[in-house]
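Below is one structure; the comments refer to it alone.
The values are calculated or read from the model by the stated rules, or taken from the named source; none is laboratory data. Predicted model only: the values in this text are computed from it and were never measured. Don't worry about glycine lacking a Cβ; one is built from the backbone with ideal geometry, like all the others, and counts go over all protein chains shown. Ligands, DNA and RNA are stripped out before the accessible areas are found, and what is left, the full protein with its side chains, is counted by its heavy atoms. Shrake-Rupley method; radii C 1.70, N 1.55, O 1.52, S 1.80 Å.
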Amino acid sequence: MSWYDAVYFCNKLSAKCGLTPVYAVDGETDVGKWGYAPHKKEKITGTVSQNENASGYRLPTVEEWQYAAKGGQEFKYSGSYNSDEVGWYSENSGSKTHPVAQKKPNDYGLYDMSGNVWEWCWDSSPYDGDRRCSCGGSWNLSASLCEVDFKGWGSADITRSNLGFRIVRSTGK
(Lines give C-alpha, C1' and ligand atoms only; values in the text may rest on other atoms or scores of the structure.)
Protein backbone atom coordinates (compact mmCIF):
# COMPACT_ATOMS: atom_id res chain seq x y z
CA MET A 1 0.00 0.00 0.00
CA SER A 2 1.63 3.24 -1.10
CA TRP A 3 1.11 6.62 0.57
CA TYR A 4 -0.71 7.71 -2.60
CA ASP A 5 -3.01 4.68 -2.32
CA ALA A 6 -3.73 5.59 1.30
CA VAL A 7 -4.80 9.20 0.59
CA TYR A 8 -6.87 7.97 -2.37
CA PHE A 9 -8.60 5.45 -0.07
CA CYS A 10 -9.28 8.12 2.56
CA ASN A 11 -11.06 10.34 0.03
CA LYS A 12 -13.03 7.45 -1.47
CA LEU A 13 -14.19 6.32 1.98
CA SER A 14 -15.04 9.88 3.01
CA ALA A 15 -17.19 10.39 -0.11
CA LYS A 16 -18.89 7.02 0.40
CA CYS A 17 -19.76 8.00 3.98
CA GLY A 18 -21.07 11.45 2.97
CA LEU A 19 -18.14 13.26 4.59
CA THR A 20 -16.08 16.10 3.15
CA PRO A 21 -12.90 14.64 1.63
CA VAL A 22 -9.69 15.84 3.27
CA TYR A 23 -7.24 15.56 0.38
CA ALA A 24 -7.05 17.45 -2.88
CA VAL A 25 -4.74 17.19 -5.87
CA ASP A 26 -4.26 20.63 -7.39
CA GLY A 27 -7.42 21.70 -5.55
CA GLU A 28 -9.58 18.77 -6.74
CA THR A 29 -11.02 16.42 -4.06
CA ASP A 30 -12.78 14.01 -6.47
CA VAL A 31 -10.35 11.09 -6.89
CA GLY A 32 -11.91 10.32 -10.26
CA LYS A 33 -10.35 13.54 -11.53
CA TRP A 34 -6.87 12.88 -10.12
CA GLY A 35 -5.72 10.79 -13.08
CA TYR A 36 -4.45 8.20 -10.61
CA ALA A 37 -5.07 4.45 -10.51
CA PRO A 38 -4.40 2.90 -7.09
CA HIS A 39 -2.18 -0.15 -6.62
CA LYS A 40 -0.20 0.45 -9.82
CA LYS A 41 2.98 1.83 -8.21
CA GLU A 42 2.31 5.21 -9.83
CA LYS A 43 2.80 8.71 -8.54
CA ILE A 44 0.08 11.28 -8.19
CA THR A 45 1.00 14.11 -10.50
CA GLY A 46 0.19 17.46 -8.97
CA THR A 47 0.31 18.86 -5.49
CA VAL A 48 -1.46 16.91 -2.73
CA SER A 49 -2.88 19.17 -0.04
CA GLN A 50 -5.21 18.65 2.88
CA ASN A 51 -8.15 20.60 4.24
CA GLU A 52 -7.67 20.53 8.01
CA ASN A 53 -11.32 21.52 8.54
CA ALA A 54 -12.78 18.69 6.43
CA SER A 55 -14.89 16.05 8.18
CA GLY A 56 -13.51 13.07 6.24
CA TYR A 57 -10.97 10.36 6.89
CA ARG A 58 -7.27 11.09 6.75
CA LEU A 59 -3.82 9.85 7.73
CA PRO A 60 -2.63 10.99 11.15
CA THR A 61 0.29 13.34 11.53
CA VAL A 62 3.38 11.82 13.14
CA GLU A 63 2.58 13.69 16.34
CA GLU A 64 -0.98 12.31 16.41
CA TRP A 65 0.24 8.80 15.59
CA GLN A 66 2.80 8.87 18.41
CA TYR A 67 0.25 10.27 20.87
CA ALA A 68 -2.15 7.41 20.03
CA ALA A 69 0.64 4.81 20.13
CA LYS A 70 1.74 5.94 23.59
CA GLY A 71 -1.77 5.31 24.89
CA GLY A 72 -1.35 7.81 27.72
CA GLN A 73 1.80 6.06 28.93
CA GLU A 74 5.53 6.43 28.36
CA PHE A 75 6.33 2.85 27.37
CA LYS A 76 9.10 2.13 24.87
CA TYR A 77 6.62 0.16 22.72
CA SER A 78 2.92 0.83 22.25
CA GLY A 79 1.50 -0.56 25.49
CA SER A 80 4.56 -2.13 27.09
CA TYR A 81 8.28 -2.08 27.79
CA ASN A 82 8.32 -5.66 26.44
CA SER A 83 8.16 -5.83 22.62
CA ASP A 84 6.93 -9.45 22.65
CA GLU A 85 3.76 -8.45 24.51
CA VAL A 86 2.62 -5.90 21.94
CA GLY A 87 4.36 -6.35 18.60
CA TRP A 88 5.43 -8.54 15.73
CA TYR A 89 9.04 -7.96 14.70
CA SER A 90 11.89 -9.95 13.16
CA GLU A 91 12.50 -12.18 16.19
CA ASN A 92 8.90 -13.39 16.64
CA SER A 93 6.96 -12.77 13.41
CA GLY A 94 7.92 -15.81 11.35
CA SER A 95 8.72 -13.33 8.55
CA LYS A 96 5.09 -12.41 7.87
CA THR A 97 2.32 -9.96 8.69
CA HIS A 98 -0.14 -11.13 11.35
CA PRO A 99 -3.88 -10.53 11.81
CA VAL A 100 -4.73 -7.51 13.95
CA ALA A 101 -5.29 -7.82 17.72
CA GLN A 102 -3.22 -10.95 18.38
CA LYS A 103 -1.07 -9.09 20.91
CA LYS A 104 -1.89 -6.85 23.89
CA PRO A 105 -3.39 -3.39 23.12
CA ASN A 106 -2.11 -0.14 24.56
CA ASP A 107 -4.09 1.72 27.24
CA TYR A 108 -6.26 3.40 24.56
CA GLY A 109 -7.27 -0.04 23.28
CA LEU A 110 -5.21 0.29 20.08
CA TYR A 111 -3.47 -2.76 18.67
CA ASP A 112 -0.39 -3.31 16.52
CA MET A 113 1.20 0.12 16.76
CA SER A 114 4.62 -1.44 17.41
CA GLY A 115 5.65 -3.85 14.68
CA ASN A 116 3.55 -5.84 12.24
CA VAL A 117 3.42 -3.16 9.48
CA TRP A 118 4.72 0.38 9.10
CA GLU A 119 1.87 2.91 9.10
CA TRP A 120 1.93 5.87 6.73
CA CYS A 121 1.48 9.33 8.24
CA TRP A 122 0.68 12.65 6.56
CA ASP A 123 4.07 14.26 7.19
CA SER A 124 6.55 14.76 4.38
CA SER A 125 10.31 15.08 4.60
CA PRO A 126 11.51 18.68 4.93
CA TYR A 127 14.22 17.81 2.41
CA ASP A 128 12.13 15.94 -0.18
CA GLY A 129 8.35 16.41 -0.29
CA ASP A 130 7.88 13.10 -2.11
CA ARG A 131 9.29 11.18 0.88
CA ARG A 132 6.67 10.46 3.51
CA CYS A 133 6.90 9.37 7.11
CA SER A 134 5.81 6.02 8.46
CA CYS A 135 5.74 4.90 12.07
CA GLY A 136 5.60 1.71 14.11
CA GLY A 137 8.18 -0.50 12.48
CA SER A 138 7.30 -3.87 11.00
CA TRP A 139 7.57 -7.65 11.17
CA ASN A 140 10.94 -7.71 9.38
CA LEU A 141 12.79 -5.27 11.66
CA SER A 142 14.48 -5.55 15.03
CA ALA A 143 12.44 -4.58 18.07
CA SER A 144 14.44 -1.36 18.54
CA LEU A 145 13.05 -0.09 15.21
CA CYS A 146 9.49 -0.72 16.42
CA GLU A 147 9.67 1.73 19.32
CA VAL A 148 6.99 4.42 19.48
CA ASP A 149 9.41 7.28 18.81
CA PHE A 150 11.13 5.69 15.79
CA LYS A 151 10.18 7.02 12.33
CA GLY A 152 10.99 5.87 8.84
CA TRP A 153 10.90 7.77 5.55
CA GLY A 154 10.04 6.39 2.15
CA SER A 155 9.00 7.45 -1.30
CA ALA A 156 5.23 8.02 -1.46
CA ASP A 157 4.87 5.58 -4.37
CA ILE A 158 6.56 2.53 -2.82
CA THR A 159 4.51 -0.52 -1.93
CA ARG A 160 5.67 -3.35 0.29
CA SER A 161 4.09 -6.16 2.26
CA ASN A 162 5.18 -4.43 5.47
CA LEU A 163 3.44 -1.09 4.73
CA GLY A 164 -0.08 -0.13 5.73
CA PHE A 165 -1.98 2.75 7.27
CA ARG A 166 -4.36 3.72 10.05
CA ILE A 167 -7.02 6.36 9.44
CA VAL A 168 -8.37 9.07 11.71
CA ARG A 169 -11.01 11.81 11.62
CA SER A 170 -10.75 15.24 13.13
CA THR A 171 -13.09 16.00 15.99
CA GLY A 172 -13.36 19.68 15.08
CA LYS A 173 -11.48 22.71 16.22
*Quick one: length gained pulling LYS104 to VAL168 fully straight, 0.36 nm per residue minus the C-alpha distance?*
20.9 nm
*asked:* Give the lysines reachable from LYS103 as a straight Cα distance under 25 Å; neighbours fewer than 8 places away on the same chain don't count.
replied: LYS70, LYS76, LYS151
*Under 15 Å from the 7 Å Cα→Cβ point of ASN92, by amide nitrogen: which residues of region 148-170?*
148
*Can you pull the one-decimal nm distance between simple spin-label points at LYS43 and THR20, each 7 Å off the Cα toward Cβ?*
3.1
*With everything on Cα atoms, drop me the angle between helix 3-16 and the longest principal axis of the chain, reported from 0 to 90° to the nearest 10.*
70
*How would you rank 39-45, 128-134, 21-27, highest first, on the average number of other Cβ atoms within 10 Å across their residues?*
21-27, 128-134, 39-45
*Let me know the shape class of region 70-173, please: from the alpha-carbon gyration tensor, a ≥ b ≥ c as square roots of the eigenvalues, rounded when a/c is under 1.5, otherwise prolate if a/b is greater than b/c, or oblate.*
oblate
*Gap in Å between the Cα centre of region 113-173 and the Cα centre of region 21-68?*
15
*Quickly estimate the mean residue ellipticity at 222 nm for the chain, helices only: each DSSP H run with n ≥ 4 gives -39500 (n - 2.57), and the total goes over all residues, rounded to 500.*
-4500 deg cm²/dmol
_Ranking request for peptides 64-73, 9-18, 46-55: highest mean number of other beta-carbon atoms within 10 Å first, then the rest in descending order._
64-73, 9-18, 46-55
*Taking all protein chains as present, what is the carbon and sulfur share of the accessible area of region 99-173, in % to the nearest whole number, probe 1.4 Å?*
50
*Between THR61 and THR159, what length in nm is gained on full extension when 0.36 nm per residue of separation is reduced by their alpha carbon distance?*
33.3 nm
